[in-house]
């Protein structure tokens, strides 16, 4: 029951209690008044009638006696008038048996009134000639009392209706600020830190609203501070301190994105020649300046070729990888020529004849990161045989299938459902005493070609999207997961990967709605897994899907989370259930204070927004101990 209804009920009950008490007292007072009045009337009538009859009582048979009594009795207010002689003989008796049907019997029984009777002796000279008895009719008293009660009830009911309406208006007016406070609380839960302006005029509610404004501002400040810390530490974790270039983890993520987007271009491996020997004869400062000059030379070559330099990564000390968006081989060769020119110039300035060698390979959407890096490495080895500051570009990454073969193969696998789901990826609780508690496991789809060779799932998904079969594939995987949960009575959560094409599809959502509605109990343990990169394709569609999943009782996890994909100040908009950190955040966290501070900030943000933070692939024991000390929900190893 709402507060307004409770107040209305309480005040109404108080009003009714006061009214009932006043009504009872009022009716009893009126009854007492009418009782006394009827007694006085009876006595006055008896006295006056006795005086009027006194001159005529000497003749008991005189008709004037009855005439005079009739004149009084006909007024109708009397139940009986009796005239007796001195000896007690009845001379005249008049009786009025009239009943008042207007007065209900229960009212008469509820408020009994004594019948007023009065007598007066009639003297005839010096002797008593007779006695007159007057009984007032009680029906008139009951009638007046009943009419008074009706009027009182009518006016009271009108007053009650009026004051009830006024009360409802006032209570609603007083409680409107509570609605605003409720909306503020909900907006805080949604990540919108509004304030109540102007403040309510009721003192108590004004104080509560002021406290809510203060809390909203403080939480907003805490989240902003956490976001700033996460952004700052995240940038430092991803980037090389010396060159400002992003590192291996970011490169691998970028490659996954390009596989999903069916990207084009070339991948180049650049290795500085004999950097160790150079360091032996030069100071640390000189070595650092040389590496920065090397990066500047590569960037200048990219600028000369009209290409962006955002996709240059430092993998290890002397090894760099460049993703160049060259559409043709000729453009890639022209870029390499420019890089060689700048490397020659750098070598002349630094007194180092052989600066670096370059190996390249065209991007293969049907390949893997490992195969392309391997092919680029082979090209690099060829470049070393060519000469100083040279380059070589391989024709392809050695992928066994061309695009047409992939399309046919993927279509057949989806249509025939020739795939399996593996549940071996598991994350266990990190809390003390609960390390054996399975929190969430991931359903991994596994596909093989006709020769039984495992196919890269990223390439498979990319091709399935291009031929419009990804919805069917994802739905089949979800169905297998639901069956697995139902058959084994699974009590932990199970994550199932979704492509963004399926996530944003109304057709897929319709099928998913039917499936999860029929399996409502299993749906409570289904966690839909979406990559941070995939979510950035359409954040509105992602938010919509989260709401859709929650209505069905399912959950959502944002995996491979990196702050560069989704700004930290937008995390609170999504109402996520889980966030799984990218491995770059937990790799070497046991010895890297920067990463530890970042994950600690993520944990604090998760606590504020009620999101479980999970670590992925924590291998080293000291890293596992670190995430456990931080207090993350779970981790996989």
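The values are calculated or read from the model by the stated rules, or taken from the named source; none is laboratory data. Only a predicted model underlies this, so the values are computations on that prediction, with no experimental measurement involved. Using ideal geometry, Cβ is built from the backbone for each residue, glycine included, and neighbour counts are taken over all protein chains shown.
Within this structure, residue 354 passes the test of being assigned by TED's automatic domain parsing to the domain that holds residue 378, in contact (Cβ under 8 Å) with a residue 40 or more places away in the chain, surrounded by 15 or more Cβ atoms within 10 Å (Cβ to Cβ) and assigned to a loop (DSSP other than H, G, I, E, B).
Of all the listed residues (25, 30, 40, 18), the sole one being surrounded by 16 or more Cβ atoms within 10 Å (Cβ to Cβ) and part of a helix (DSSP H, G or I) is 30.
Has segment 174-185 got at least one residue that is within 23 Å of residue 18 (Cβ to Cβ) and surrounded by 11 or more Cβ atoms within 10 Å (Cβ to Cβ)?
Scanning segment 174-185 turns up at least one residue that is within 23 Å of residue 18 (Cβ to Cβ) and surrounded by 11 or more Cβ atoms within 10 Å (Cβ to Cβ).
The number of residues in segment 460-489 being farther than 11 Å from residue 523 by Cα and in contact with a helix residue (DSSP H, G or I) (Cβ under 8 Å, 6 or more places away or on another chain) comes to 16. The single condition among (1) buried (at least 21 other Cβ atoms within 10 Å of the Cβ); (2) in a helix (DSSP H, G or I) that residue 367 does not meet is (2). Residues in segment 507-526 include none that are within 30 Å of residue 584 (Cβ to Cβ), outside any loop (DSSP other than H, G, I, E, B), in contact (Cβ under 8 Å) with a residue 24 or more places away in the chain and in contact with a strand residue (DSSP E or B) (Cβ under 6 Å, 6 or more places away or on another chain). Could you list, in sequence order, all residues of segment 205-227 that are surrounded by 14 or more Cβ atoms within 10 Å (Cβ to Cβ) and under 21 Å from residue 173 (Cα atoms)? Within segment 205-227, 205, 206, 208, 209, 210, 212, 213 meet the criteria. Scanning segment 450-494 for residues that are in a loop (DSSP other than H, G, I, E, B) and either loosely packed, with under 15 Cβ neighbours inside 10 Å or outside the structural domain of residue 525 (by TED's automatic domain parsing) (or both) yields 450, 451, 452, 453, 467, 468, 489, 491. Based on this model, can you work out whether residue 115 counts as in a helix (DSSP H, G or I), surrounded by 14 or more Cβ atoms within 10 Å (Cβ to Cβ), over 60 Å from the mean Cα position of the chain (by Cα) and touching a residue at least 24 places away in the same chain (Cβ under 8 Å)? Considered against the rule, which asks whether it is in a helix (DSSP H, G or I), surrounded by 14 or more Cβ atoms within 10 Å (Cβ to Cβ), over 60 Å from the mean Cα position of the chain (by Cα) and touching a residue at least 24 places away in the same chain (Cβ under 8 Å), residue 115 comes out as no.
Taking the conditions exactly as written (within 12 Å of residue 122 (Cα to Cα) and surrounded by fewer than 18 Cβ atoms within 10 Å (Cβ to Cβ)), does residue 58 satisfy them or not? In short, yes. Scanning segment 282-327 for residues that are in a loop (DSSP other than H, G, I, E, B) and under 17 Å from residue 346 (Cα atoms) returns 282, 318. I'd like to know if segment 171-182 contains one or more residues that are modelled with pLDDT of 75 or more, within 23 Å of residue 575 (Cβ to Cβ) and assigned to a helix (DSSP H, G or I). Yes. Here residue 359 meets the list (1) under 55 Å from the mean Cα position of the chain (by Cα); (2) in a loop (DSSP other than H, G, I, E, B) almost entirely, failing just condition (2).
Residues in segment 495-506 that are part of a helix (DSSP H, G or I) and in contact with a helix residue (DSSP H, G or I) (Cβ under 8 Å, 6 or more places away or on another chain): 500, 501, 502, 503.
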